[in-house]
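The values are calculated or read from the model by the stated rules, or taken from the named source; none is laboratory data. As the structure is a prediction and not an experimental result, all values here were calculated from the model. FYI the Cβ positions are ideal-geometry reconstructions off the backbone, even for glycines, and counts take in every protein chain you see.
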Amino acid sequence: MCRFIETIKVVNGEIKNLERHLQRITHTAEHFRNICPRTDCEQLIKKASTTTGISKLRFTYDCDGIHDITCTPYNMRRIDKLRLVECDTVEYSFKYEDRSALEILKEGVEDAEEILIVKEGLVTDTTYTNVALHDGKRWITPRKPLLAGTKRAQLIEEGIITECDIKPSDIKNFGHIALFNSMIEMGELVLPVSAITLSE
């Protein structure tokens, strides 16, 4: 049985972007017809309500419902460089709890390093964030991410990022790359494209 995971940002007890996360759960349930989680929002709100500062609300779910709800203080991981890694077989279009297909690609990666995955000749995501690259005028996000994240959907809707295919050879035409997800706001983690290297 597949089990899925959600990670949601909480700021001073307030759950952020909850509706988009619930939409993703519904979309997952519709695709995997045996997955019909009973989403108890009151339980999530109660878990988050006593926290201060920035916290990470995390839970797993399957056809039996929601499990293992935690809400813990969040510290953003330090990333200094990115390594391009090609893999045409990796699949993570749903937010599976089992991330082994992604983690195996990170073998040999240093603590402050993350991989930028290239699939079928196109830049996609890191193992835990969507990305956008700045061309001097606009932030461009890959048209075909591994996982279409909730923050990505929000940024597209707000007109902050634009979708376009990006090949590895295009990276030199950009100045910076931003990493973002439900916990990391757009602009919080930005690197120069010179920090991106080819896999050894």
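Points worth noting:
- When residues of segment 149-169 are limited to those that are in contact (Cβ under 8 Å) with a residue 40 or more places away in the chain and out of contact with any Phe, Trp or Tyr (no Cβ under 7 Å at 6 or more places or on another chain), the one nearest to LEU105 (Cα to Cα): PRO168
- Flag if VAL85 is at pLDDT below 95, more than 11 Å from LEU146 (Cβ to Cβ) and of a type in the set (A, V, I, L, M, F, W, C): no
- Segment 37-64: number of residues that are under 15 Å from TYR96 (Cα atoms) and modelled with pLDDT under 90: 4
- Those strands (runs of 3 or more DSSP E) lying entirely in segment 69-147 with at least 1 residues of a type in the set (D, E, K, R): 81-86, 113-119
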